[in-house]
Amino acid sequence: MERNLEGRVALVTGGSRGIGRAVAVELAGRGARVTLTYARGEEEAARTVELAGQRGGVAQARMCDQRDSEAVEELVSEVVEGQGGLDILVLNAGVTKDQYLMLMADDDFDRVIDTNLTGAFRFAKAACRPMMMRRSGAIVTVSSVAALFGVAGQVNYCASKGGLVAMTRALAAELAPKGVRVNAVLPGFVETDMTAKLPRQVKRQSAERILLGRFGKVEEVAGVVSFLVSDAASYIIGQSIVVDGGLTSTVS
């Protein structure tokens, strides 16, 4: 595998499993020195570090609740000071609290927005200053195709992911003159712990809507992220890249 990120310093939020784990391992395997965050699941985070090592990469895991502004700022400062800077930020961490609107508790709406959207804002805010000072950097937000069409029972999740897309565009406009590129990746149905819990019939019906006829793999999303943070994507800014096997191409 081409080590086209050799010497870069990367921070990946929510890297203990799923897409975040795949991204952390991919970036480390391409030569980046990766710090990944987790809110819980220390053993899973340690497994990500182990997998990165097996790919010949270097990674470390740090616990951080991105709902805590002080904790976020401290972690970013630790990375910048300890690694000599920050080149890549992947905003992946997120949660779900699904429920139909009339039954959804205010706390469940607030928890999803605070984690998925405001948490990403906190990390971007903390990371943009050292990137702008060096006039170099790449930020990728991990949104979802849920930002593009409605999903019953996910008012909070769809709002958070739609907000990420809008925030990505605003950040791109603000940071591009300072040499920092910001883009979004919107995965569709991907094989993760979350989708593994779906009933078999729901999985089958969902796969039938996908042009490729199957759920995606986390590595397929990670590959797009690694491209966007590399020099090969140096002229791509403010874009939302859909990685969904053709799911949304048939939705008008």
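The values are calculated or read from the model by the stated rules, or taken from the named source; none is laboratory data. Since this is a predicted model, take the numbers as computed values, not measurements. Reconstructed Cβ throughout: ideal geometry from the backbone, glycine too, with neighbour counts over all protein chains shown. Side chains included, ligands, DNA and RNA excluded: accessible areas come from the protein's heavy atoms. Shrake-Rupley method; radii C 1.70, N 1.55, O 1.52, S 1.80 Å.
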Going by the structure shown, is Thr48 of a type in the set (S, T, N, Q), within 19 Å of Val142 (Cα to Cα) and touching a residue at least 40 places away in the same chain (Cβ under 8 Å)?
no
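To keep it simple, each residue is scored yes or no on (1) touching a strand residue (DSSP E or B) at 6+ places or on another chain (Cβ under 7 Å); (2) modelled with pLDDT under 95; (3) under 23 Å from Val221 (Cα atoms).
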{"site": "Met1", "(1), (2), (3)": "no, yes, yes"}
{"site": "Leu11", "(1), (2), (3)": "yes, no, yes"}
{"site": "Leu27", "(1), (2), (3)": "yes, no, yes"}
{"site": "Ser69", "(1), (2), (3)": "no, no, no"}
Just checking, how many residues over segment 213-241 are modelled with pLDDT of 95 or more and open to solvent by 60 Å² or more (accessible area, probe 1.4 Å)?
10
Considering only residues that are open to solvent by 20 Å² or more (accessible area, probe 1.4 Å) and charged (D, E, K, R), which ones fall in segment 150-207?
Arg169, Glu174, Lys178, Arg181, Glu191, Asp193, Lys197, Arg200, Lys203, Arg204
Need at least 1 residues that are closer than 24 Å to Gly188 by Cβ and not aliphatic (A, V, I, L, M) per element, so show me which helices (runs of 4 or more DSSP H) inside segment 3-87 make the cut, counting only ones lying wholly within it.
18-29, 42-54
Restricting attention to segment 196-212, the residues that are touching a residue at least 12 places away in the same chain (Cβ under 8 Å) and assigned to a loop (DSSP other than H, G, I, E, B) number exactly 4
Flag if Thr13 is under 14 Å from the mean Cα position of the chain (by Cα) and buried (at least 24 other Cβ atoms within 10 Å of the Cβ):
yes
Against the definition (touching a Pro at 6+ places or on another chain (Cβ under 9 Å), open to solvent by less than 20 Å² (accessible area, probe 1.4 Å) and aliphatic (A, V, I, L, M)), how does Leu91 come out, yes or no?
no
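Does Leu103 count as at pLDDT 95 or above, of a type in the set (A, V, I, L, M, F, W, C) and surrounded by 16 or more Cβ atoms within 10 Å (Cβ to Cβ)? I'd like the intermediate steps shown before the answer.
Numbers: at pLDDT 95 or above: yes; of a type in the set (A, V, I, L, M, F, W, C): yes; surrounded by 16 or more Cβ atoms within 10 Å (Cβ to Cβ): no.
In short, no.
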